[in-house]
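Undergrad: Here you go, one structure.
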Amino acid sequence: MINRKIRSIQQPPSTRGFLGKGHIAVPVINGMSFVDTDPFILLMDDQLDLPGEGVVGGPHPHAGFETVTLVLEGDEFSDEKTLQTGGLEWMTAGSGIVHTEEIRHRVKMRILQLWLVLPKLKRRMEPRWQELHLNNVPVKRDGKNEIRVYSGTSMGMTAPTMNETPTILVDFTLEPGHEVIQELQGHFNAFLYVLDGSVETGEEKNLVHKGEVAWLEKTNEHGASQIILRGGENGTRFVFYAGEPQGVEIINHGPFISDTPEDIARLYQEYRQGKMKHVRDLPGNRVLKHT
């Protein structure tokens, strides 16, 4: 068993988000070096405290990748269960999809939205939508310790979400000194993002604090590996992501991911011509509600 170490710890800056007043955006992964973050393209920590003065957001397209949206703090006025605290939305944009993110009322939310690369042969697959509600998330509780598994396997639990790119996504809450071991494939690229408190990582006991992102050292081994994680002095809450690198080149332009400028132009043309379905019009076999 390979014991993984931390290769870097960074604190991403907070910026004003595109929704304007009341939107703070933290680029946990900023998309500038995909070769280092593969299979993860972007990860935004969107913190919303919107006054509800007018409509913000609206319909927009995506193609060539997946979005994975974890709701840390939900919209109490929303009827959509996946927008409530602890819900997950997993949208496989594939060949192209339109969805609507529109806010018309006062809202306080915090979400983590990941852009996840698709394997090259799956980049034009038929779009798919998955919902995972909090009450259906595999969870392990021990006192104040809580582990929620949204994708992949952790602590003997496996999430029901389907993956095109093998991915682990786990939300950990640990009391001071409580230790867990997260297993993952040796060649998976992985990181953790601390939401509260601090966490000790690995045999070296590197301390990662609130607001910091820590990347594990890379290996080329395809066998099992693990990372030791312990709650810091005041406990911790963090999210852990791991995924299988795809080794593909990508072009990121606006809402689309591809490998050539010509294909990006094709996607824009298809969107303008109305050839991309809205997510609400997907056939039933492409909508998975994990209940």
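The values are calculated or read from the model by the stated rules, or taken from the named source; none is laboratory data. Note that this is a predicted model, so its numbers are computed, not measured. A quick note on method: Cβ atoms are made from the backbone with ideal geometry, for glycine too, and the neighbour counts reach across all protein chains shown.
Undergrad: When you check F172 against the structure, is it in a strand (DSSP E or B), among the aromatic types (F, W, Y) and closer than 17 Å to Q246 by Cβ, yes or no?
TA: Against the criterion (in a strand (DSSP E or B), among the aromatic types (F, W, Y) and closer than 17 Å to Q246 by Cβ), F172 does not qualify.
Undergrad: Then there's this: Can you name every residue in segment 201-231 that is touching a His at 6+ places or on another chain (Cβ under 8 Å) and not charged (D, E, K, R)?
TA: Selection gives T219, N220, H222, G231.
Undergrad: Answer yes or no as to whether I181 is aliphatic (A, V, I, L, M) and surrounded by 20 or more Cβ atoms within 10 Å (Cβ to Cβ).
TA: no
Undergrad: Here is a follow-up. Report yes if S258 is in contact with a helix residue (DSSP H, G or I) (Cβ under 7 Å, 6 or more places away or on another chain), among the polar types (S, T, N, Q) and surrounded by 15 or more Cβ atoms within 10 Å (Cβ to Cβ), otherwise no.
TA: yes
Undergrad: For I264, which of the numbered conditions (1) crowded, with 17+ Cβ neighbours inside 10 Å; (2) without any contact (Cβ under 8 Å) to a residue 12 or more places away in the chain fails to hold?
TA: (2)
Undergrad: Is there a residue in segment 163-176 that is at pLDDT below 95 and not polar (S, T, N, Q)?
TA: No, segment 163-176 contains no residue that is at pLDDT below 95 and not polar (S, T, N, Q).
Undergrad: Continuing with this model, one more query. Cβ-Cβ distance below 8 Å, separation of 6 or more or different chains: which pairs start in segment 232-260 with a residue that is free of Cβ contacts under 8 Å to residues at least 12 places away in the same chain and end on one that is of a type in the set (D, E) and not in a strand (DSSP E or B)?
TA: E249/D259
Undergrad: Out of the residues in segment 177-219 that are part of a strand (DSSP E or B) and of a type in the set (G, A, S), which is farthest from S14 (Cα to Cα)?
TA: In this case the residue turns out to be A190.
Undergrad: Name the single residue, out of those in segment 155-178 being surrounded by 22 or more Cβ atoms within 10 Å (Cβ to Cβ) and in contact with a Pro (Cβ under 8 Å, 6 or more places away or on another chain), that is nearest to V117 (Cα to Cα).
TA: That would be T167.
Undergrad: Out of segment 128-172, which residues are more than 24 Å from D75 (Cβ to Cβ) and over 18 Å from the mean Cα position of the chain (by Cα)?
TA: K140, R141, D142, G143, K144, N145, M155, G156, M157
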